[in-house]
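**Q** Mind looking over this structure? Questions follow.
Please treat every number below as a calculation from the coordinates, not as lab data. Just so you know, these numbers come straight off a predicted model, no measurement behind them. Heads up, the Cβs are rebuilt from the backbone with ideal geometry, glycines too, and the neighbour counts pull from every protein chain shown.
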Amino acid sequence: MTATPALEAVSPKEIPAKTGAPLLAVEGLRTWFHTFSGTVKAVDGVSFALRPGEIMGLVGESGGGKSVVGFSILGLIDPPGRIEDGRILFEGRNLAGLSEAELRQIRGRDIAMVFQDPMTSLNPLHTVGRQMDEMLQLHTDLDAAGRRARCIEMLESVGISRAADRLSAYPHQFSGGMRQRVVIAIAMLARPKLVIADEPTTALDVTIQAQILKLMRRQIRDNGTAMILVTHDLAVVSEMADHITVLYCGKVVERGPTDDVIRRPAHPYTRGLIDSIPDPAHRQPRLKQIPGAVPDIRKLPKGCSFKDRCFRAEALCGERVPELVVQGDRAHACHYPLTEGDSR
Amino acid sequence: MAAGFLSSEFVHNYKRNASAIAGSLILVVFALIVVAGPLMVWQNPYDIAQLDLMDAFKPPMWLEGGEARFPFGTDGQGRDVLAGVLYGTRVSVLIGLSAMAMSCVIGTTLGLLAGFYGGRLDAVIMRIADIQLSFPSMLIALFLMSAFGTGIDKVLISLTAVGWVVYARTVRGSTLSEVQKEYIQAARVAGLRDGKIIRRHILPNVMTPLIVVATVQVGTFILIEASLSFLGVGVPITEPSLGLLIKNGFDVLFSGLWWTSVFPGIVIMALVFGINLFGDFLRDELNPRLK
C-alpha cells in the first residue's frame, strides 16, 4: 500500500448544484461471467447515480468488480461475460439496450475512459498526434487544421509544453507521467460528458500521482464533465470525489457523500479501508489491515460476503444477505451498521 | 527519416555481420538477374525459332568442343544453359515471391480474425491449420498439383495453400497478446470499429515477426516449386524454372552431359543460401528476445 500524497486542500469544494436529473443512473446492474469453474457474479445488483459534473469514487479491493462496472457502462463486456440484468440510464437512454453501432457513437464522444497503465494504453507505433487525431476524426466534423488546433490546445491544457512539436512524437519519447497526461488529453478531446478513470494513478510514481490527480480534477471541473473514479485507494477518493460508492464482492456495501462516509462509515468494510490508510499524524508500529482475503467470488459464503473478515459479525450475518438500506443520501448494506459512537 | 535509418542499430549491426553482407550481395545479384536477365544473353530459350538442334549438348566453352556462344554449354534442344538458367531464375524467384505475398495476405488476415474474435472462428481456422501441419507440405503441394494439373497459376495456388499456415499461427499468437494491451481497449472505448482496430492498431504491431517468416519462406517456396517441377507436376515445359531445368538435364546426367543439370543446381543452391543468410540476420535483429 503506497501512501498517496495529499493534494492541496480545495475548499470550499466546488460541487455543482445538486439538482436536476442524473447524468448516469445505474440500476440493479448484474454483470456475470459464465466460466467453466462456475458463474462469477463480478457485479451483482449495483446501483448508483451521478449528476452532471460530479465526481464519484468507486472503491473496493482488487477483484471487487470495480472495473467491470466501467466496462459494463460502455457495453464492452466480452463473452463469457454478460450483462444479466439492470439498467444503465445515460441521459435517459438505457445503454444496456443499445446496439453496438449506437454504443460506438457514445463511446469516446459522450463517455471516455482513462486507463491504469499509461505505458500500454497508447499504441507504441503511432505518434501521439495520430492517436489524438483518430478520436477527433471519429467524433467531430472538424477539418484537418481544426483537429490539429484542437489537439495542440488540449495537449497544452494538460501541461505539455511545445505541444505542436510533441504531436509528432511517439509514446516512448514521453515519461510515464507525461503519457498519462496524453491519455487524459485524448479522453477529454471530444468533450465527453462522463469520464471513467480506471485506477488512473496506480501505475505512476507517488510524486507524479498528485500532479495527475490535480490535473484530472481541473479538467473535469473546467469542462463540466462528470467522472467515475475507480480505485482501491480511499485516500485518492477522499481528495477527489464528491461522493463514494464502496463495492465488496460485486455488491454495493456503502454509499454517500465523501466527507460524511469518511468521517462516520456505516459498514465495517468501509471502516477497515479507512483504517488502513497510513496517517502521518498518528504513527503506529503496524498499519491496520482488514484480516483475511476477498473470498472466492464463485463460492461466496451464505449470508453477508464480508462476515468472515468482520469484527462485528453475528449469527444473523451468516444467514441473511443484508439489504441495502437507504437513509437520505447515505446507504449501507449491513445488519449491524456502525453508529456515531463506534466511529473514531 | 533516411538519415535516422542509416545511423540505426540495425544498419550498424548489418555492417559488422559478414554473413548478412554476403547474403544480401547474393540477393542483389539475383535481383539484377530477375530484372535484367534477358538482356545478359543473346538467346531467348523460350523462342523455338532461335533454337537449333545442331547445337544440342554442346559442352561448356572451356571444355573440348565448347563454343563461346554457349559459355555453359547447351541442352538437348540446343538451348544455351546460361540463358535457360537466367530465364529459369526469373520464373523461380517470381513464383517464390508471389506465393509468399499471397500466403502472407491470406494467412495474416485469417490469423488476425482468429486472434481478435476468438471463439468458434478461431477454433475452425486453427484446427484446419493444425491438420494441415500434420502433413508434410511437399505432400500437400504434390497432391494439389496432381489434382489441378501443371501451370504457374496452379503452382501459386498450391504454394499458398501450403504457406498461409505459418502466418496464421504467428499472427494469431501476437494478436492474442496485443489484444490484452490497454491501447486496444482504449481504441474500443474511443468508439473505433473492429475493422479499424485490427488494421490500424493490431496489424502494425504484429508485422515484425512476419518479415522473418516471409524472407525464409521465399527460399522454401523456391525449393518446393523446384521439387514439384522436378517431379513433373510444376511449371509447364515451355517456361522452365530452375527445377525443371535440373529435371531436363537429369535424364542425361549419367551419360556425362552433366552441365545441363549442375549449373541450374548450383544457382538454386546459391539463391536459397543467400536468402537464408539474410533471413538469419533478420531473425536475430528483429527478435526482441535476443536483444
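**Q** How large are Rg and Dmax for region B:117-194 when calculated on the C-alpha trace, in angstrom?
**A** Cα radius of gyration and Dmax of region B:117-194 are 17.2, 51 Å respectively.
**Q** Follow-up question, since we're still on this one. Once you list every other residue whose beta carbon is under 15 Å from the beta carbon of B:Asp55, what net charge do they have if Lys and Arg are +1 and Asp and Glu are -1? Show your work: numbers first, answer last.
**A** On the way: positive: B:Lys58, B:Arg69, B:Arg79; negative: B:Asp47, B:Asp52, B:Glu67, B:Asp75, B:Asp80.
That sum, taken over residues with Cβ under 15 Å, equals -2.
**Q** Name the lysines eligible as straight-distance cross-link partners of B:Lys247: C-alpha to C-alpha under 24 Å, and not fewer than 8 places from it in the same chain.
**A** Cross-link targets: B:Lys58, B:Lys154.
**Q** Let me ask another. Excluding B:Lys15 itself, calculate the net charge of residues whose Cβ lies under 15 Å from the Cβ of B:Lys15, where each Lys or Arg counts +1 and each Asp or Glu counts -1.
**A** Working: positive: B:Arg16; negative: B:Glu9, B:Asp284, B:Glu285.
My count for the surroundings of B:Lys15 gives -2.
**Q** Any of A:Lys251/A:Lys307; A:Lys66/A:Lys193; A:Lys214/B:Lys196; A:Lys193/A:Lys214; A:Lys41/A:Lys302; A:Lys251/B:Lys181 with alpha carbons more than 25 Å apart? Name them for me. Kindly include the intermediate steps, with their values, before the conclusion.
**A** On the way: A:Lys251/A:Lys307 14 Å; A:Lys66/A:Lys193 20 Å; A:Lys214/B:Lys196 34 Å; A:Lys193/A:Lys214 19 Å; A:Lys41/A:Lys302 14 Å; A:Lys251/B:Lys181 28 Å.
Correct reply: A:Lys214/B:Lys196; A:Lys251/B:Lys181.
**Q** Calculate for chain B the 222 nm mean residue ellipticity that helices alone would give, adding -39,500 (n - 2.57) per DSSP H run of length 4 or more and normalising by residue count, nearest 500 deg cm²/dmol.
**A** After summing the helix terms and dividing by the residues of chain B, the value is -23000 deg cm²/dmol.
**Q** To the nearest 500 deg cm²/dmol, what mean residue ellipticity at 222 nm is calculated for chain A from DSSP H runs of n ≥ 4 alone, each contributing -39,500 (n - 2.57), summed and divided by the residues?
**A** -8500 deg cm²/dmol
**Q** By count of other Cβ within 10 Å, fewest leading, how are B:Ile33, B:Ile21 ordered?
**A** Ordered by Cβ neighbours within 10 Å, fewest first: B:Ile21, B:Ile33.
**Q** Let me ask another. If the elastic network links every pair of Cα atoms under 10 Å, which of A:Gln211, A:Gln137, A:Gln116 fluctuates the most in the Gaussian network model of chain A?
**A** Among A:Gln211, A:Gln137, A:Gln116, the largest mean-square fluctuation in the Gaussian network model of chain A belongs to A:Gln137.
**Q** Which shape class, rounded, prolate or oblate, goes with region A:128-253 when its Cα gyration tensor gives a ≥ b ≥ c as root eigenvalues, a/c under 1.5 marks rounded, and past that a/b bigger than b/c marks prolate?
**A** prolate
**Q** Let me ask something additional. Taking every residue in A:103-112, how many Cβ atoms of other protein chains lie within 10 Å of its Cβ, on average?
**A** Mean shielding by partner chains, rounded to a whole number: 3.
**Q** Roughly how tilted is helix B:152-179, in degrees to the nearest 10 and between 0 and 90, from the longest Cα axis of chain B?
**A** Around 30 degrees separate the two axes.
**Q** With unit charges on the beta carbon (Lys/Arg positive, Asp/Glu negative), name the residue among B:Ala31, B:Ala56, B:Thr175 whose Cα is farthest towards the positive pole of the charge dipole of the protein assembly as shown.
**A** B:Thr175
**Q** What is the antiparallel percent of DSSP beta bridges lying wholly in the protein assembly as shown, to the nearest 5?
**A** Taking every DSSP beta bridge with both residues in the protein assembly as shown, the antiparallel ones total about 60 percent.
**Q** Given a 10 angstrom Cα cut-off, can you work out which residue in B:Gly243, B:Gly149, B:Gly115 is the most mobile in a GNM of chain B?
**A** Result: B:Gly149 has the largest fluctuation of those listed.
**Q** When you look at the Cβ of every residue in B:172-184, what mean number of other chain Cβ atoms sits within 10 Å?
**A** Averaged over the peptide's residues, the number is 3.
**Q** Assuming R0 = 41 Å, what is the FRET efficiency of A:Ala21 and A:Arg218, from their Cβ-Cβ distance, to the nearest 0.05?
**A** Values: r = 26 Å, r/R0 = 0.63.
So the FRET efficiency works out to roughly 0.95.
**Q** Here is a further query. Taking DSSP loops as anything outside H, G, I, E and B, show the longest stretch in chain A free of GluC sites (Glu not before Pro) there with at most 14 other beta carbons within 10 Å.
**A** The segment A:15-313 is the longest one with no such site.
**Q** Considering chain A as a Gaussian network with a 10 Å cut-off on Cα pairs, which listed residue, A:Gly272, A:Gly81, A:Gly159, attains the greatest mean-square fluctuation?
**A** A:Gly159
**Q** From the phi angles alone, apply the Karplus equation (6.51, -1.76, 1.60; θ = phi - 60°) to region A:323-337 and give each ³J(HN,Hα) in whole Hz, x where the residue is Gly or Pro.
**A** 7, 6, 9, 9, 10, x, 8, 9, 8, 8, 10, 8, 6, 10, x
**Q** Also, I was wondering about something else. Please average, across the residues of B:194-202, the number of beta carbons from any other chain that are within 10 Å of each residue's own beta carbon, and give a whole number.
**A** 2
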